[in-house]
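Take a look at the structure below.
The values are calculated or read from the model by the stated rules, or taken from the named source; none is laboratory data. Being a predicted model, the structure only gives us computed values, none of them experimental. Neighbour counts are summed over all protein chains in view; Cβ atoms, including those assigned to glycine, are modelled from backbone coordinates with ideal geometry.
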Amino acid sequence: MSATGIGAAVRRKEDYRFITGKGQYTDDISRPGQTHIHFLRSPHAHAKITSIDTASAKTMPGVLAVLTGADLAGDKIGNLICGWMIHSKDGTPMKMAPHPAIAHGKACYAGDPVAVVIAETLGQARDAAEKIEVDYEVLPAVVDPAKTQEAGAPQIHEVAPQNTIFQWHLGEAAAVDAAFASAKHVTKLDIVNNRLVPNAMEPRAAIGEYDSGTQNFTLWNTTQNPHVARLVIAAFVGMAPEHKLRVIAPDVGGGFGSKIFIYPEEVVCLWASKKVGRPVKWVCERAEAFLADAHGRDHVTHAELAFGEGGKMTALRAKTIANLGAYMSTFSSSIPTYLYATLLSGQYDLPAIYCEVDAVYTNTVPVDAYRGAGRPEATFVVERLVEVAARELHMDPVELRRKNFVKSFPHQTPVIMNYDVGDYDASMRKAMEIADVNGFAARRREAEKRGKLRGLGYSTYIEACGIAPSQAVGSLGAGVGLWESAEVRVNPTGSVEVLTGSHSHGQGHETTFAQLVSERLGIPIENVSIVHGDTDKVQFGMGTYGSRSGAVGMSAIVKALEKVEAKAKKVASHLMEAAESDIVFKDGQFTVAGTDKSAAWADVALHAYIAHKFTGAQLEPGLKEGAFYDPTNFTFPAGCHICEVEIDPETGSTTIVGWTAVDDFGTIINPMIVEGQVHGGIAQGVGQALMENAVYDKDGQLMSGSFMDYSMPRAENLPPLKIDTTVTPCPGNPLGIKGCGEAGAIAAPAAVINAITDAIRTENLAMPATAPAVWAAVRAAAPALAAE
Amino acid sequence: MPRVSLTVNGKAVTADVESRTLLVQFLRENLRLTGTHVGCDTSQCGCCVVHVDGRAVKSCTILVQQAEGADVKTIESLAVGDTLHPMQEAFRQNHGLQCGFCTPGMIMTAVDLVARKGHDLDDKTIREELEGNLCRCTGYHNIVKSIAAGAKAMAATTTAQAAE
Ligand code: FES
Ligand code: FES
């Protein structure tokens with residue numbers, strides 16, 4: 001392993017600009033002549049818009065335009081779309097309601113934009129917005145996914161009776177019913193997977209700019225996938241032809257899924273920039289982000305796990321209602337279906353699974369992917385069922401897991417996935433050792449002496465990453481292919497630029513991708529730069545989410561590097577007057593086998609461009625190759641997280657006193673970055689388990705609409721984390737990578753809740769397990785104790 | 001429009017501002033010092049921390065007029081030429097940042113913390129002192145590590161300077 005190659009903890013190339021305050025986030029960009037836009041949002045969750053009077057707003061100082069949904073419709077700007085078609089079990093397609101970028105006729109959630117003001121300054125835009133008079137006829141609202149399908153519930157969209165988007169299923173109902181009929185034991189759970197607000201620290205932002213000379217649009221945007229944004233805004237919204245729209249994602253301050261989607265605001269900024277003839281800038285405020293960013297999770301599930309003799313799992317069934325909010329966001333339909341039910345086999349050899357999912361509309365902001373997207377929900381179902389079953393069966397949760405682990409590969413689950421490789425017991429053993437599980441009983445006794453309750457919880461999770469084979473996802477309804485592209489450009493002096501369709505918003509691609517190039521070409525890492533996030537530079541790409549940039553994005557780079565190397569060998573053969581088949585390339589040197597002739601990488605690069613040693617008939621000049629890589633399978637990162645908690649029964653407050661994670665991510669490019677990803681994922685999972693909750697009141701007002709009432713994990717809420725890995729290289733891609741970005745968020749919630757319920761000895765506890773919730777659970781479980 | 005005069009990163013600046021202008025807006029928009037970030041509207045996130053007369057302040061919580069005559073330092077002032085401040089270097093060495101958005105505020109908070117609590121900072125103290133700063137990426141583990149290392153490195157730098 002070289003100091004900067006694959007496997008080295010190389011310090012990040014991107015850090016210098018961030019630690020010196022020289023990052024360039026969208027809000028840091030100022031365009032000449034730029035104007036500012038303010039979105040006036042519906043204060044009601046569900047209301048008819050009977051009239052909008054903008055006359056006095058238009059006369060306010062600095063105002064350039066006041067625009068409404070009627071103007072948008074008048075200009076024939078298309079609706080936002082959901083790009084993944086799901087069919088109900090009866091074969092009918094999902095009921096996608098129109099989603100205009102500015103509400104027209106009706107507002108469907110508190111925060112739905114109803115008008116915009118564009119002014120010289122943001123203050124002027126805000127002041128003018130106060131003068132817009134909107135008449136609403138307030139309608140009854142529904143926010144609870146468990147209630148929205150009831151007869152008599154308010155109907156949100158005409159196209160979707162009973163607010164039902166689809167009723168989908170996966171698996172074999174008959175086989176599952178048969179297994180349950182003959183089960184020796186059945187464990188049942190009702191689970192609410194709490195609704196979360198992603199809250200990347202950088203709020204979303206957009207600048208739209210129209211050049212009337214060239215009729216080109218440019219959008220600077222906080223997006224995780226600029227090319228997909230361009231495609232949707234061109235092909236579906238119809239703003240401009242694709243080749244006349246450039247999307248730039250500069251430095252992006254975290255995404256976690258929430259910046260995948262195509263949102264109303266960027267569409268409106270582009271449209272408005274043409275209307276006012278100047279650049280239009282929008283920067284989301286945090287209160288606005290709570291209202292307008294797509295939320296995550298929000299599932300209500302009943303799940304059952306059947307066992308035969310001796311704790312052998314025989315079948316699992318689940319019925320889930322998934323809240324998709326007021327409109328279908330870009331990928332919302334795929335999250336509670338193909339990214340959820342397909343993972344319900346967990347790490348276990350489960351012969352039969354059946355899952356039904358109803359996706360529903362409510363008067364809440366749209367719900368879509370948030371770190372893990374469907375897989376945390378699945379893991380929580382499976383790992384809670386297993387832990388509760390172990391307690392009911394009086395079995396060691398470790399033994400119960402071990403007995404049911406998949407042990408031979410490849411393994412076909414009953415829910416589509418074909419696990420390629422893994423060693424689940426190896427990760428669990430290692431985690432138990434690091435967490436000192438043997439010493440737990442003593443620690444628990446010691447805690448009891450202090451009047452504290454101590455608990456230990458496991459989560460042996462699996463996820464499907466590296467999304468995904470295009471043909472497979474196409475057959476499941478995806479509107480896009482999920483390959484990745486790369487272009488390797490070698491300069492005449494031998495330095496290299498790699499253009500990638502992946503996008504980095506904290507993951508460190510500028511470093512890890514350069515490590516790969518440095519190792520393969522034997523050149524210093526300083527001589528490699530990674531270019532991403534601009535549709536004018538990178539031809540096309542699918543972006544970064546679902547832990548796909550390593551497994552898919554880097555595989556594309558490998559393919560392009562192979563082509564570059566092949567071409568460079570041809571150049572070298574002309575340069576050294578040897579047969580191409582005799583050229584050997586190693587550590588940045590070309591040699592002729594069996595001779596002492598050699599040429600350095602930079603010499604060959606130069607000769608590729610000056611083209612003095614070969615004719616045009618023999619070889620094309622230049623050294624630049626591109627590749628598209630389409631994966632052959634998902635990848636399956638898996639591992640074991642162990643959480644140890646201590647609870648004060650007097651207050652219900654939970655302290656996480658220990659955390660061990662042993663993950664199998666396959667080949668690791670940069671262990672420092674991988675650890676960082678695991679840390680961050682765990683923090684978000686702990687946040688979900690203990691603190692975070694997006695709460696709407698019955699009228700559809702968001703009660704947790706700021707950092708004052710939506711509790712984000714802070715440094716004090718987290719313990720130091722013990723992170724380790726086991727490695728089974730992924731056979732499905734050239735580097736053996738599985739992906740690591742979501743593991744922590746997927747594993748953590750079940751580990752925390754399993755630990756708390758172990759401590760308080762009742763399963764009756766919902767997320768987030770806040771101090772009052774734990775206190776109440778303790779009291780309910782032990783009324784005698786409360787009476788003392 | 002009221003006129004304000006203050007020192008920012010060692011330079012005297014004077015400007016006419018709208019009276020509702022926050023210090024952070026003044027830094028970002030008037031002076032184009034965009035290293036100071038805005039992550040919230042309720043003074044909860046600490047992305048905007050700068051030093052005002054040597055103390056860490058959330059620049060979103062004060063009007064620029066309240067900084068009249070003050071000496072303001074932002075993240076852009078920490079490195080001397082190409083030489084990073086020891087706390088900046090510690091963040092890089094310990095992978096104390098991912099997306100980088102919270103980072104300027106974290107570093108400015110950390111430098112202030114060392115000034116107040118010294119160079120030998122334990123895990124608990126650092127975590128408590130970070131109560132005003134949110135990070136969504138790192139899970140804080142490596143930020144805590146960075147600050148502990150940065151605090152030590154600052155001691156070494158101070159000693160070295162004293163010895164010169
Ligand atoms: S911007 Fe969040 S505290 Fe200042
Ligand atoms: S590094 Fe992204 S918020 Fe802290």
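Tell me whether the range B:98-112 contains one or more residues that are more than 16 Å from ligand 2 (Cβ to nearest atom) and either assigned by TED's automatic domain parsing to the domain that holds B:N142 or buried (at least 24 other Cβ atoms within 10 Å of the Cβ) (or both).
Yes: one or more hits.
From A:S273, A:S332, grab the single residue that is within 27 Å of A:M542 (Cβ to Cβ) and not assigned by TED's automatic domain parsing to the domain that holds A:P241.
Answer to the check: A:S332.
Quick check on this structure: which one of B:A110, B:A56, B:A79, B:A70 is closer than 18 Å to A:K22 by Cβ and either of a type outside the set (D, E) or within 16 Å of ligand 1 (Cβ to nearest atom) (or both)?
Going through B:A110, B:A56, B:A79, B:A70 in turn, just one is closer than 18 Å to A:K22 by Cβ and either of a type outside the set (D, E) or within 16 Å of ligand 1 (Cβ to nearest atom) (or both): B:A79.
Do you know which residues across the range A:604-645 are among the charged types (D, E, K, R), outside any loop (DSSP other than H, G, I, E, B) and touching a Gly at 6+ places or on another chain (Cβ under 8 Å)?
A:E644
Checking A:D251 against (1) crowded, with 24+ Cβ neighbours inside 10 Å; (2) within 14 Å of chain B (Cβ to nearest Cβ): exactly one of these is not met. Which one?
It fails just one condition, (1).
I'd like the full set of residues that are assigned to a loop (DSSP other than H, G, I, E, B) and at pLDDT 95 or above, limited to the range A:710-720.
Just the residues of the range A:710-720 that are assigned to a loop (DSSP other than H, G, I, E, B), to begin with: A:710-714, A:718-720.
Hits for the range A:710-720 are A:Y710, A:S711, A:M712, A:P713, A:R714.
Conditions (1) in contact (Cβ under 8 Å) with a residue 60 or more places away in the chain; (2) away from ligand 2 (no atom under 16 Å from the Cβ), marked per residue:
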{"site": "B:I62", "(1), (2)": "no, yes"}
{"site": "B:D71", "(1), (2)": "yes, yes"}
{"site": "B:T74", "(1), (2)": "yes, yes"}
{"site": "B:A79", "(1), (2)": "no, yes"}
{"site": "B:D82", "(1), (2)": "no, yes"}
{"site": "B:H95", "(1), (2)": "no, no"}
{"site": "B:V114", "(1), (2)": "no, yes"}
{"site": "B:D123", "(1), (2)": "no, yes"}
{"site": "B:Y140", "(1), (2)": "no, no"}
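Just to be sure before I move on: is A:E497 of a type outside the set (A, V, I, L, M, F, W, C), away from chain B (no Cβ under 14 Å) and in contact with a Phe, Trp or Tyr (Cβ under 8 Å, 6 or more places away or on another chain) in the structure I sent?
no
Where residues in the range A:3-30 are farther than 30 Å from A:R204 by Cβ and among the small types (G, A, S), which of them is farthest from the other protein chains (Cβ to nearest Cβ)?
A:G5
For the range A:1-119, list the helices (runs of 4 or more DSSP H) that sit wholly inside it and hold at least 1 residues that are farther than 29 Å from A:A234 by Cα; which are they?
Working: elements: A:15-19, A:55-58, A:69-74.
Qualifying helices (runs of 4 or more DSSP H): A:15-19, A:55-58.
What is the residue count in the range A:580-600 for residues that are touching a strand residue (DSSP E or B) at 6+ places or on another chain (Cβ under 7 Å) and either among the small types (G, A, S) or under 13 Å from A:T493 (Cα atoms) (or both)?
Matching residues across the range A:580-600 total 5.
Out of everything in the range A:703-717 that is touching a residue at least 12 places away in the same chain (Cβ under 8 Å) and out of contact with any helix residue (DSSP H, G or I) (no Cβ under 6 Å at 6 or more places or on another chain), what residue ends up being farthest from the other protein chains (Cβ to nearest Cβ)?
Taking the candidates together, the pick is A:S704.
Identify the residue in the range A:18-45 that is among the basic types (K, R) and in contact (Cβ under 8 Å) with a residue 12 or more places away in the chain and, among all such residues, is surrounded by the fewest Cβ atoms within 10 Å (Cβ to Cβ).
Among those residues, the one meeting the criterion is A:R31.
Go through the range A:180-234 and count every residue that is part of a helix (DSSP H, G or I), touching a Lys or Arg at 6+ places or on another chain (Cβ under 9 Å) and within 23 Å of A:C355 (Cα to Cα).
So the count comes out to 1.
Can you tell which of A:G681, A:G741 is touching a Phe, Trp or Tyr at 6+ places or on another chain (Cβ under 9 Å) and within 13 Å of another protein chain (Cβ to nearest Cβ)? Don't jump to the end; show me each part of the working.
Details: A:G681 fails: touching a Phe, Trp or Tyr at 6+ places or on another chain (Cβ under 9 Å).
Exactly one residue qualifies, and that residue is A:G741.
Being crowded, with 24+ Cβ neighbours inside 10 Å and within 19 Å of A:G479 (Cβ to Cβ) is the filter here, so list the residues in the range A:341-363 that pass it.
Answer for the range A:341-363, where residues must be crowded, with 24+ Cβ neighbours inside 10 Å and within 19 Å of A:G479 (Cβ to Cβ): just A:A359.
Being within 14 Å of chain B (Cβ to nearest Cβ), under 34 Å from the mean Cα position of the chain (by Cα) and in contact (Cβ under 8 Å) with a residue 12 or more places away in the chain narrows it down to one residue among A:L80, A:L67, A:L122, A:L72; which is it?
Numbers: A:L80 fails: within 14 Å of chain B (Cβ to nearest Cβ); A:L67 fails: within 14 Å of chain B (Cβ to nearest Cβ); A:L72 fails: within 14 Å of chain B (Cβ to nearest Cβ).
So the residue among A:L80, A:L67, A:L122, A:L72 that is within 14 Å of chain B (Cβ to nearest Cβ), under 34 Å from the mean Cα position of the chain (by Cα) and in contact (Cβ under 8 Å) with a residue 12 or more places away in the chain is A:L122.
Regarding the range A:496-504, can at least one residue be identified that is in a helix (DSSP H, G or I) and touching a helix residue (DSSP H, G or I) at 6+ places or on another chain (Cβ under 9 Å)? Don't jump to the end; show me each part of the working.
Of all residues in the range A:496-504, those in a helix (DSSP H, G or I) come to none.
Among the residues of the range A:496-504, not one is in a helix (DSSP H, G or I) and touching a helix residue (DSSP H, G or I) at 6+ places or on another chain (Cβ under 9 Å), which makes the answer no.
Please find, among A:G451, A:G457, A:G439, A:G477, the residue that is without any contact (Cβ under 8 Å) to a residue 12 or more places away in the chain and outside the structural domain of A:I525 (by TED's automatic domain parsing). Give the steps one after another, and end with the answer.
Details: A:G451 fails: without any contact (Cβ under 8 Å) to a residue 12 or more places away in the chain; A:G457 fails: without any contact (Cβ under 8 Å) to a residue 12 or more places away in the chain; A:G477 fails: without any contact (Cβ under 8 Å) to a residue 12 or more places away in the chain.
It is A:G439.
Pull up the range A:178-230, narrow it to residues that are within 16 Å of ligand 1 (Cβ to nearest atom) and small (G, A, S), then point me to the one that is nearest to A:A747 (Cα to Cα).
A:A200
Within the range A:302-333, count every residue that is small (G, A, S) and surrounded by fewer than 23 Cβ atoms within 10 Å (Cβ to Cβ).
4
Restricting the search to the range A:211-234, which residues are within 24 Å of the chain's Cα centre (by Cα) and away from chain B (no Cβ under 14 Å)? Please lay out each step first, then the result.
Applying the first criterion (within 24 Å of the chain's Cα centre (by Cα)) to the range A:211-234 yields A:219-234.
Hits for the range A:211-234 are A:L219, A:N221, A:N225, A:P226, A:H227, A:V228, A:A229, A:R230, A:L231, A:V232, A:I233, A:A234.
Among the residues of the range B:115-131, how many are of a type outside the set (A, V, I, L, M, F, W, C) and facing another protein chain (nearest Cβ under 9 Å)?
Selection size over the range B:115-131: 6.
Within the set of pairs 6 or more residues apart or between chains, which connect a residue that is modelled with pLDDT of 95 or more inside the range A:564-581 to a residue that is among the acidic types (D, E) with Cβ atoms less than 8 Å apart?
A:V564/A:E625; A:K567/A:E625; A:K569/A:E580; A:K570/A:E580; A:S573/A:E580; A:S573/A:D582; A:L575/A:D603
Do we find that B:G139 is part of a helix (DSSP H, G or I) and either surrounded by 18 or more Cβ atoms within 10 Å (Cβ to Cβ) or more than 16 Å from ligand 1 (Cβ to nearest atom) (or both) in this structure?
no
With B:V57, B:V49 as the choices, which residue is closer than 19 Å to B:A115 by Cα, within 16 Å of ligand 2 (Cβ to nearest atom) and surrounded by 19 or more Cβ atoms within 10 Å (Cβ to Cβ)? Can you show your working first?
Working: B:V57 fails: within 16 Å of ligand 2 (Cβ to nearest atom).
Every option except B:V49 fails the conditions.
In the range A:278-298, how many are away from chain B (no Cβ under 12 Å) and either modelled with pLDDT under 95 or within 14 Å of ligand 1 (Cβ to nearest atom) (or both)?
Number of matching residues: 0.
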